[in-house]
Every structure is written in C-alpha cells, then in structure tokens.
C-alpha cells in the first residue's frame, strides 16, 4: 500500500500515516465534547481561530442539540465541536477524531465510539461523579474499569484545577467552573504549540465590562497551558507542531457558510446595482443569515422580520415588484410554506433569491442536523409546471460565489432562484482567501422606462433574447399595468386563460429557465479524467469527503474521477455527455437518492446511489469503501 | 425616500382610472358600486395613476386591480398585506391600496391582516365583507352569521362570526371605518382613509347577488336605513332615525354598566338625552362602537377611529438611515473584516 499522508491521520499512527513521524502529523482531528452549558461551541470556535492564525488549513463540524438548554449531564444534552486541521489541503471535518476532550460522562459516552483506536481521551475526572455517571447511564466509572483501554486515557480533575487557578479572583463556585472551557482550551493550545495572545486579546475584549471575569478566564487559559508543559514530562501528553499549509498568497479569514452567503448576497446586489430587501422568519439553521444582514444596513440592505415564512417571501416578492432585489431564506419546513409564493414569482416573472439551509426532514425532522433532502422540493416542489433555477454551494467559502451567481440568474432571467446550502455548511467554518469584489463581472439592472411595443403600446410580457420580460417599477410614469398569478396574455400580461396562451406561456417559462444553461460554464471534472471506469458525482456539501476519497483512491491507482455539480437546475449542457464517458456513475448523497433520480431522468444513465441520512456528513472512508466496491 | 414627501396631486377624471379590461363580476354585484366609488374618489384626492398601486389577494374582490388604471398586483390568497408591506418598504412614496375580502382577509390571511395593522404600514385596506365565499361558490365564511346554510354547512353554520372592525382594533389599527357598497358616503370614507397616514382599515359591506343576496337589507334597504344606520362624524352627536321613521334616537353611555344604550331624543335636545359626541381619537369609545350589536343598536358606519401614529416604513427605514450614517459601505473592507492573516508569496 502506498503511503498516504493526507486526511485526518494523526497523533496515534492511524493506518494512513504509513511510516511518517508521529511527532509531525500532517493533519489532526480534535473533538471537544461537553454539556450544552459547557461552552464547547465557543471553545471550538476560538480553537478554530487560533488554528487559522497558525496557518493550517481546516474544516469544522459543530454538532449541537436542538434544545437551547437540555437538562445538564444528559446524553441528549451533549454538544460537540470537531475540527480537522493540517499542513495539507483539508476538505472535511475528519472521519475519526484523534483526540477527544470529554468534559463529562455523557460527552464521553456519546463520542468515544467515534475516536480512532489508539486515540487520546482527555477527560475531566471531576465530573465523573455518581450522579453524572447515572445520568449518562454508566453503571461503573469508565475511567476506572478498563473499558477504555483501546485508547490512551488522560483523566484528571479539570474542574478542581480550574477552581484552583481562578481562586484569587473570588468568583462564586458556579462562575468559577464556567472557566473550565478556557482551561481546556489552554491545554489544547499547548498541545498544538499555539500562540495564546490572540485568545487573551479576545477575552479582554469580550469581558471589557467585567475585567475580573477576563482575568479569571485568562488565568484558567494559562493554567491549562502550564499543565500541558508540566504533564509532558511524565505522561502520554505530547506537544505537536502542525506546519502551515501551503496556500496562495493573500489575505485570509475564517468564514462560515451563513456569513459567506450574507456577504455574497450583499456583493450580488451591488453587482446588480440594486438595493437588497431581505424578508426572513427565524428558523434553524437559516436565521444566521438574517442576523448577519440586519447589521449590514449601510450596504443598501433592508431586513424585515416577517410574521411567518409566507409573509417573508411575499414581502420579498413585493420588494422585487417595487424594484429592489428581493431575497428570502429558510430551511426545509419554511421552504415548504413558501411554495405557493414561489409559484407567483415564477408566474409574474419577478427576480427573487430563496436560500434554503437544508436540515434533516421531513416535517420538523432534525433542526440542527444536516441533510440534502430538499433537492426534489427545490427542483419539483411546486404546483403546476413551475420551473426554477437551483444552484448549490459546496462549502462555506463557496457560498460567496454561489450567492452572487444566484443574484445574477435572478435579475438576468427575471426568475426566482433557489440556492441550496445545508446545516453543515451554514455552521462550519473554514479559511477563506478574501476575494476582490472588483474581480466579479457586474450585471447592472436596467428597468423599463418607456413603452416597448412595436405600436407604442406597453408589453410587460414581451421577451428579450434570453426569454426574460422587462422589469417595470411602479412609480414609472405612464407604464401602469397589472400582473398576477392568473395565466396571462403572452404580450400584454392581461388575464388570458385561452388554450393557446397557456401553451405559449408554459413553454416560454420553461424555455427561459432551460436557457439559463447557456449562461453557465460547462461542467468540469473536479479531480481525475474526463472518462474512465468510475465517476463519483456530488453536489452541495458532500464535496469535501468525495474529493478526499477520490484523491485517496486515485493514489491507490484506482480509475475514479470526481465531478461536482453546482448548477442543479438547469444542469450544464455537457453534463450528460461527460457522465456517459464513464462506465459507472456513483452519486453519494445525504438523502435517499434524489440527485441520482434527476440524473437518471435527465440523461437516462445508470447512476447508482450511495445514501446516508443519519444527520451526519459522510466520512471519507465511507465513500472510499463505496469506490472500492464499485471497482471490484 | 420617505413618506413625509408630499405626493404631487395630479388632475384626472373617473375615466382615466378605467382599464380596457372587461369587468367580470356578476351583474348586480356590489363590487361594481365599490369600483365606481373608488374611481370617483381617486381624482378627488389628486391621485397619480403612475404612483398608485392596487394590491389584492384571491377572491371576487381581489380581481379589483385589473379594473383600475394604475399599477396592480393580484397576488395569492390571503397574503396581500405581506406583499404590500414589501412594496411600501421598497418604495414608501407609492400610494398603496389593498383590496381583500372576508375570506381572504379574515380567514386564510387573518394573520397578515393583524400584522400589517399592528405594524401600521401606510396603506388603505378595503375589506369587502359579503359574509360568504363567492368565487368558490357559496360556502360560509368567517363573517357568516350563525346558522348560515351553505354547501359546506347544510345544517347551518355553527361558527361564531368574526367582527372585522373589532379584529382590526384589537390588532392595533389606528384607523377604522365602515361603509357599504352603494352608500353615497363611501367616497367620503375612502377619502378619510386615504388622508390617514398609517394603515387605514375600511370594512365595506358588499352585496353578493348570487350567494348571499340582500344580506345587509336589515340596515341598507330603503325603508329601514334611516332608523338603522348610525353615521359617525367626529365632533358630532351620535344621532340616528328621524321623526318620519319613528323618532330621533341617540347613543348614550349607561353609567352603571359602562355600556352603550339607545336613548330617545325629544325635540332635538340631544344633550338632555345624554347623547355622546363622537371623538375619533377615543379608543375606548371605538371599542364600544365596533362591538355594538346590530339589532338592539343601529349599524355604526363612517369613521369609527382615526388616531395616527408614526408609520412602520418611516420608523424602520428611518432607523436604517440612522444606522447608515457615517458608515463606510466598502465591500472590500467588509470582506476582509474580523481576524485575518496574510500568506506571503514564497
């Protein structure tokens, strides 16, 4: 077997590390797990920042319960944050953690199964009390009964050590224990040889109004760090230095999908030379976009928190009708509620961007877990023949470009566009090379200002070469006209449900959306060859694990390529021919095979599914195994 | 870019507000009279067709925009208030009229009606109440009276009817008026609604000639109108009836029960009879008037309540404008915000 060094192969000499020096792994996966009140997401977020500042490539996976404050110590109240970082390209949050930090018995129980054999467990023994063990359904203390022997175990009383460290600040017991996450973070910073100063600056800024808390947290951070130095001398704890990844020169920052979508929408509206109107209604995991945009008013943004999902999209369509770029955003159940209004936007041919941060379904499903199961809903989920362009983002940083693309299609084709992202992309952070806004082609909108008919009449439903109708703002002198959801005359837009009109208009709406394919780049092969024995076709957030799995398989000499599709509807015009060049087509999806069905339908190819609906992203190994199976 | 800007008055005639579209309501429908009243009112208020938008939902009433020569948006069932809110936030200078019905506005769209009223978006909301579903062929509606026989209630409906004006007031509306389709006072009520800055709610009783014919004859029929209609005028006593119809009466307050009562007015001395003087800014009085049961009392018509406060769009957009002050909308800077690092060329 060839030596493989990419991916989450780490401290403990996982199978892929081959003969490399365990002292200098290329990538490490760390999972912080604790009670939802323990501040694990915050710890993970700050560790991510320090990782980014250290120049490593990274991907994260925040995984938290749907409840805001689940009962303390329970199995369902565990909140986890996984980060994969390394000196090579990182595309996933990692299959198996190399290090698990477990802040209580419940966190250990729910997470230890994922830990790589030989991996390191750091556990707060102070929390392994009788009561907490009972809550986690442990009969015997796992730290003492030898049940963890296939891993390395480092158990010590983090709670007591934290209390000791913050003693001088005179905090109450509860407040003092809240500093535990900073103690843990301090230890993690030591383990990976990180600079503490950015964290200290951050704590000082966060607790500017309460300097005692800032001091206490800094003391805990320093104590955790010092503990690492001392413990190294005697125990299994070792310090590792992960070299910076080789990246293109430039300015970088970390970005989550929700942030990148918000920024992309702002950029898209600017490129269209339009004010943006964002109508939203709170829903997990889409709300972050509304939160972000509500703080960006100076960029020509109006945000409106509507009374429900329907009002959110209806207000956005109203704003588009009045000449702004209407945008709405939601997640599966909310998107279902918006369906009828999408039909109206299709019928009245008004631009609109609909962002769907997909989550597990149906119904309320898994609000905080990821899935790709709204593809049918996006492509087909409306009454009547209601074609609508659909595009999907593959990663947090990709969201920026995809949001701009959605705005472009919406205004150039006078159509609603659905942008698919998912809970994983929305919450996950990754390094992002800050783009130059000037590098994007502007697509300024021209409103109709005078009557456009051949005989001096107004034809609101005349079409340009792309099949798009003119955009006419109310308030424009002399261009009064009426639009609505009833079938209309192909030119004047007046009510007309004659057989000929409905045929012409149905055809025109379809032809317009099909025509979007002419404005998108031809499908490229993400990795591999343009023909061969097997192609793995992905869309959305499965990009990372597919990319890594294909890379590994190719290094083993397997004939497999990766095609990643951004434009779900319409698809790039060469996609069918491209896929026909491979003997086999494998489509991994976090659903029961939706894109696979669309590919079969569109191209009559024998696309085979690889499905996962556990609310968790694919691991690289799962896809790698499917590739090997397909090529047997 | 705010609705404080006075909108230039434009000279038009009723004809200018007619479209070339064939009106498709049933012959004899009350909607014709309302359409004419609106088309008569628009020139009188100096409205500009280029700056006027009629927005509607679904139902007979919601076909209204097709017949008015202005901008028009016939949207989806019940959601017109949400579309109108988006339109006003995008362009507060537009003069927006919202046309809805008892099914559209009180049933499927009840939620949106509530929110446009509580937010106080500056639009005129005309709710045509015919107490029946017309376009779907005669099912009972949320305002149908108990016992209404219809295809979906062959044994008589058992739902208690909603009171649109009471609903509006409860939702926080700052303007509430009532009229009926063929009333000569309808244009006056529409003018008052238009003059009010903020959401103006007007319930218009409308005769559905096919499915609920003459439902409002109890108070609109010729012989009974005089004694059964109380037309409210700000600053004027609440009087109705005449010597011809059996005596002048008035509305007074029963001090013991704190409820309204009907009193006889002798020789025109309404003060002696304790008749109340209407005050459109008195919210407590408005509560009593919108709840006043027809039968023991006359139907309260005209402007019931009119007490403006700042509109949603001027407040929200004003806040946005404040937030923009002194801020640099530099996208390149925004993208590079937060904790960043630079990778140098090797």
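Values in this text are rule-based calculations from the coordinates and carry no lab data. Predicted model only: the values in this text are computed from it and were never measured. As a convention, Cβ positions derive from the backbone with ideal geometry for all residues, glycine included, and neighbour counts pool all protein chains shown.
Points worth noting:
- Report note on the peptides A:117-128, A:377-388: ranked by the mean count of other C-beta atoms within 10 Å, highest first, their order is A:117-128, A:377-388.
- Distance between the pseudo-spin-label points of residue A:504 and residue B:15 (7 Å out from Cα toward the beta carbon): 3.1 nm.
- Entry note, chain A: relative contact order of 11 percent, from Cα contacts under 8 Å with a spacing of 6+ residues.
- Label-point separation, residue A:215 to residue A:524 (7 Å along Cα→Cβ), nm: 5.6
- Estimated purely from DSSP H runs of n ≥ 4, each contributing -39500 (n - 2.57), the mean residue ellipticity at 222 nm for chain A is -10500 deg cm²/dmol once divided by its residues.
- Relative to the dominant Cα principal axis of chain B, helix B:80-90 is inclined by about 40°.
- For a modelled paramagnetic label at residue A:140, 7 Å from Cα along Cα-to-Cβ, the residues of the range A:79-119 in reach, with backbone nitrogen under 19 Å, are A:105-106, A:108-110, A:112-113.
- Counting neighbouring Cβ atoms within 10 Å and putting the fewest first, the residues B:311, B:340 line up as B:340, B:311.
- Number of partner chain Cβ atoms within 10 Å, mean per residue of A:476-489: 5
- Counting beta carbons within 10 Å around each of A:241, A:275 and listing the fewest first gives the order A:241, A:275.
- Rel. contact order, % - alpha carbon contacts under 8 angstrom, at least six apart, the range A:30-155: 26
- Hydrodynamic estimate: the Kirkwood radius of the range A:154-270 over Cα pairs, inserted into Stokes-Einstein at 4 °C and 1.567 mPa s, corresponds to D of 79 µm²/s.
- Projection of the Cα convex hull of chain A, averaged over all directions and equal to a quarter of that hull's surface, yields 30.2 nm².
- For the peptides A:63-69, B:35-41, residues were scored by their other Cβ atoms within 10 Å and the scores averaged per peptide; the highest-first order is B:35-41, A:63-69.
- For residue B:145 and residue A:486, a Förster radius of 41 Å and the Cβ-Cβ distance give a FRET efficiency of 0.85, rounded to the nearest 0.05.
- The length gained by stretching the chain between residue A:364 and residue A:465 to full extension, at 0.36 nm per residue less their Cα-Cα distance, is 32.1 nm.
- Directionally averaged projected area (convex hull, Cα atoms, the range A:494-580), nm²: 7.6
- On the beta carbon distance between residue A:606 and residue A:497, with R0 = 51 Å, the FRET formula returns roughly 0.75.
- Distance from the range A:469-505 to the range B:275-346 (C-alpha centre basis), Å: 32
- Relative contact order [Cα under 8 Å, 6+ residues apart], the range A:167-239, whole percent: 42
- In degrees, nearest ten, helix A:594-603 long axis to first principal axis of chain A (Cα): 40
- Full extension of the chain between residue A:577 and residue A:175 yields a length gain of 138.4 nm, computed as 0.36 nm times the residue separation minus the alpha carbon distance.
- Residue-averaged 222 nm ellipticity for chain B, from DSSP H runs of 4+ at -39500 (n - 2.57), nearest 500: -7500 deg cm²/dmol
- Average partner coverage of A:244-254, which counts Cβ from other chains inside 10 Å: 4
- Among the residues of B:206-218, the average count of other protein chain beta-carbon atoms within 10 Å of the residue beta-carbon is 0.
- Helix A:543-555 axis, angle to chain A major axis (alpha carbon atoms, nearest 10°): 70
- Tensor-based shape of chain B (alpha-carbon gyration tensor, a/c under 1.5 rounded, otherwise prolate or oblate): prolate
- Here r is the Cβ-Cβ distance between residue B:166 and residue B:327 and R0 is 41 Å; the resulting FRET efficiency, rounded to 0.05, is 0.40.
- For residue B:136 and residue B:111, the difference between the fully extended length at 0.36 nm per residue and the C-alpha to C-alpha distance is 6.9 nm.
- By the count of other C-beta atoms within 10 Å, a proxy for reagent exposure, A:190, A:471 are ordered fewest to most as A:471, A:190.
- Distance from the Cα centroid of the range A:155-179 to that of the range B:27-79 is 69 Å (rounded to whole angstrom).
- Each label point was placed 7 Å from the Cα along the Cα-to-Cβ direction; for residue A:157 and residue B:291 their separation is 6.5 nm.
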